[in-house]
Amino acid sequence: MRALIVEDDSLLSSQLATAMQAAGFVTDRASDGTEGEFLGATESYDVAILDLGLPGLPGIEVLTRWRDQGITMPVLILTARGDWTDKVAGFRAGADDYAVKPFRLDEVVLRAQTLIRRAAGHARPVIAAGPLKLDSQLGVITRDGTALKLTAFETRILSYLMHHQNRIVSRTELSEHLYEAETDRDFKSIEVVIGRLRRKVGDGLIETRRGEGYVLRAVG
Ligand code: CA
């Protein structure tokens with residue numbers, strides 16, 4: 001899962017990034033509203049954490065522009081203590097959740113995970129796909145109750161496929177949600193990891209649609 005963090009307080013921004021990465025996210029960071037708006041509008045993220053008090057372009061304006069462009073990613077806004085008008089303006093502009101500073105880092109991570117799950121149409125923290133179960137808060141995937149031994153990258157791919165089960169996920173879409181903006185997105189390594197995943201999760205669950213992408217079959 002890929003997260004965008006737009007926050008001008010560099011210490012807070014790096015603390016957030018570290019906490020998100022520890023929970024299995026890849027993160028991109030922007031320190032002003034203009035850059036944040038650009039990244040959110042041109043890259044694919046599963047969630048954005050957006051400070052409202054930003055240089056360049058105010059957070060509310062960033063969010064308004066994203067929504068005007070039809071960008072639907074879940075957005076969690078960060079507001080200053082006691083400024084409830086900010087919060088209301090944020091929700092009106094299309095925010096999905098908020099955290100008031102100072103907040104606990106793990107709480108923001110948890111809320112971000114919840115937003116992603118809800119956005120994918122899953123109301124419970126455990127997502128099932130056939131014999132597989134993903135505990136999205138612990139980042140653990142089990143098959144028939146036994147935890148699979150997966151690398152961080154394998155977990156990211158499989159959990160993305162589980163969030164979007166029963167539909168075709170293209171390699172481009174996968175790569176957009178697995179890598180940071182600056183890294184090379186190579187399809188070859190995705191293919192290799194999918195091959196390994198197939199052996200680890202068992203036959204028949206992950207189908208390859210030639211030229212289209214992958215489907216995690218979780219029916220029946
Ligand atoms: Ca700020």
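Kindly provide the pair-distance distribution of the stretch 126-216 built from C-alpha pairs, with 10 Å bins from 0 and whole-percent values in order of increasing distance.
That works out to 16, 55, 27, 2, in percent per bin.
Restricting everything to alpha-carbon atoms, can you work out Rg to Rh for the chain with a Kirkwood hydrodynamic radius?
Details: Rg = 17.8 Å, Rh = 18.0 Å.
Ratio of gyration radius to Kirkwood radius for the chain: 0.99.
Can you compute log10 of I(q)/I(0) for the stretch 51-148 with the Debye formula, treating each Cα as one identical point scatterer, at q = 0.15 Å⁻¹?
These q points yield log10 I(q)/I(0) values of -0.69.
Taking just the C-alpha trace of the stretch 18-75, give me its Rg and Dmax in Å.
11.2, 32
For the stretch 2-119, compute Rh as the Kirkwood radius over C-alpha pairs and then the Stokes-Einstein diffusion coefficient at 20 °C and 1.002 mPa s; write the answer in µm²/s, rounded to an integer.
The diffusion coefficient I find is 157 µm²/s.
Return the single residue from Gly36, Gly24, Gly59 with maximal mean-square fluctuation; model: Gaussian network over the chain, springs between Cα atoms under 10 Å.
The residue with the greatest mean-square fluctuation here is Gly24.
Enumerate by residue number the GluC sites (Glu not before Pro) in the stretch 115-220 meeting two conditions: DSSP loop (anything except H, G, I, E, B), and at most 16 other Cβ atoms within 10 Å of the site's Cβ.
Values: sites: Glu154, Glu173, Glu176, Glu180, Glu182, Glu191, Glu207, Glu212; in loops: Glu180, Glu182, Glu212.
The qualifying sites are Glu180, Glu182, Glu212.
Sum up the lysine pairs in the chain that clear both bars: alpha-carbon distance under 28 Å and a spacing of 8 or more or different chains. Write down the numbers at each step before the final one.
On the way: Lys87/Lys101; Lys133/Lys149; Lys133/Lys188; Lys133/Lys200; Lys149/Lys188; Lys149/Lys200; Lys188/Lys200.
Here the count comes out as 7.
We did not get these values from a lab; they are worked out from the coordinates using the rules stated. Everything numeric in this text was worked out from a predicted model, so none of it was measured. Please note: Cβ atoms are built from the backbone with ideal geometry, for glycine as well, and neighbour counts cover all protein chains shown.
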